[in-house]
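Novice: The following block contains the structure, expressed as structure tokens.
Every number here is computed from the coordinates shown, using simple stated rules; none is lab data. Model, not experiment: these values are computed from the prediction. Because the Cβ atoms are built from the backbone with ideal geometry, glycine has one as well, and the counts that use them run over all protein chains shown.
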Amino acid sequence: MQVAIEALKKLRPTRTAEPRCTATLAACVAIAVAALGVATPVVASDYPTTARVDYVRGCMAANGQSRLVMEKCACSIDAIASLMPYAQYEQVETIMRMREGRGELALLFRTEAGLEAQVQEFKRVQVEADLRCF
């Protein structure tokens, strides 16, 4: 990083430089920084805020309504997000909601082996998250 800063200082455009030169310089610096391994931070997960809030609210309903419980529940969904992609979480959440219903469709969601495997994987991830946070 220091090398890129020094290179930028040496290549600082003069006041008479054309805007095109400044843009080229900026692109060169960006490439140099990337080549040195300094990258922009990557978002840790793609979980939307509403999904996180829904999880925390459900967790708090089951474990208590204190600030400490809220922090532990927030930690838990962060841990889940680090262990499971959102698309998979969304599928499992849908399966679990569909199991709560009545009728043949709900029965299908409760008895299908492939769906059960996904739910068991989520429960494993949830236990790991609870061990980290609670």
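Novice: Which residues, counting only those in region 71-111, are small (G, A, S) and either farther than 18 Å from V56 by Cα or in contact with a His (Cβ under 9 Å, 6 or more places away or on another chain) (or both)?
Specialist: Once the filter is applied, which keeps residues that are small (G, A, S) and either farther than 18 Å from V56 by Cα or in contact with a His (Cβ under 9 Å, 6 or more places away or on another chain) (or both), region 71-111 yields A87, G101, G103, A106.
Novice: So I77 ticks every box in (1) out of contact with any helix residue (DSSP H, G or I) (no Cβ under 6 Å at 6 or more places or on another chain); (2) of a type in the set (A, V, I, L, M); (3) under 15 Å from Y47 (Cα atoms) but one. Which box is left unticked?
Specialist: Unmet condition: (1).
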